[in-house]
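Here is the structure we will look at.
The values are calculated or read from the model by the stated rules, or taken from the named source; none is laboratory data. The shown structure was predicted, so the numbers you read here are calculated from the model rather than taken from an experiment. Cβ placement follows ideal geometry from the backbone for every residue including glycine, while neighbour counts extend to all protein chains displayed. Note: areas computed on protein heavy atoms with side chains; ligands, DNA, RNA excluded. Shrake-Rupley method; radii C 1.70, N 1.55, O 1.52, S 1.80 Å.
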Amino acid sequence: MITRTRGTRVRALALAAGVLAGAVLVTGCSEERDAVLKWPGAESNPQAVTADQFGAAWPLKPDKGKVACDTTPYSGFAITFQAPDGKVYALNNVAHDEKGYPSVDDIKGTSGKMWRLRSFGMQICSLERTRNTRSTPPASHSPAPHGPVADGSAIRRP
């Protein structure tokens, strides 16, 4: 009878531990799923963003701001975040090193994924680059051939 009671207790403890572990995993998975599924589309430069748009992936203390992309003469694109107080922070090294903005790590929260905000900034840069790129390449003006051709003759230019 002692073995039976002990076995019942062990099973009850194992079941309780399984339920608790399952609850922890489901909570963690739903946050990760939220972080993956919530992703705003890049539509303008700069673009207003909120913590709600990014869900659990939001990495900053301020719950909203603007992400912008600016070209630089040397390294490409400077990606920045403007906080509600108007202060601008660097989301990439170009914005920090070439433009002199303070690092966004100064306003980093305790959770979230900074790469998500940086990737969103890169989407804005791609949007900006597309707007500044010609849709059709210019016509090429290659010179007329001269010298030997396939049939062995030569084309002479005046």
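Residues being more than 16 Å from Lys61 (Cα to Cα), of a type outside the set (Asp, Glu) and at pLDDT 85 or above are entirely absent from the range 133-149.
Would you confirm, using the coordinates I've provided, whether Asp85 is in contact with a strand residue (DSSP E or B) (Cβ under 9 Å, 6 or more places away or on another chain) and acidic (Asp, Glu)? So Asp85 fails the test. Has the range 96-103 got at least one residue that is under 23 Å from Leu127 (Cβ atoms), open to solvent by less than 20 Å² (accessible area, probe 1.4 Å), not in a loop (DSSP other than H, G, I, E, B) and not acidic (Asp, Glu)? Looking for residues that are under 23 Å from Leu127 (Cβ atoms), open to solvent by less than 20 Å² (accessible area, probe 1.4 Å), not in a loop (DSSP other than H, G, I, E, B) and not acidic (Asp, Glu), one finds none in the range 96-103, hence no.
Tyr89 fulfils the conditions (1) modelled with pLDDT of 95 or more; (2) among the aromatic types (Phe, Trp, Tyr); (3) in a loop (DSSP other than H, G, I, E, B) except for a single criterion, (3).
Could you tell me whether Thr71 is part of a loop (DSSP other than H, G, I, E, B), β-branched (Val, Ile, Thr) and either in contact with a Ser or Thr (Cβ under 8 Å, 6 or more places away or on another chain) or modelled with pLDDT of 80 or more (or both)? Criteria not met by Thr71.
Is at least one residue of the range 76-83 assigned to a loop (DSSP other than H, G, I, E, B) and either open to solvent by less than 20 Å² (accessible area, probe 1.4 Å) or in contact with a Phe, Trp or Tyr (Cβ under 9 Å, 6 or more places away or on another chain) (or both)? So far as the range 76-83 goes, yes, one or more of its residues are assigned to a loop (DSSP other than H, G, I, E, B) and either open to solvent by less than 20 Å² (accessible area, probe 1.4 Å) or in contact with a Phe, Trp or Tyr (Cβ under 9 Å, 6 or more places away or on another chain) (or both).
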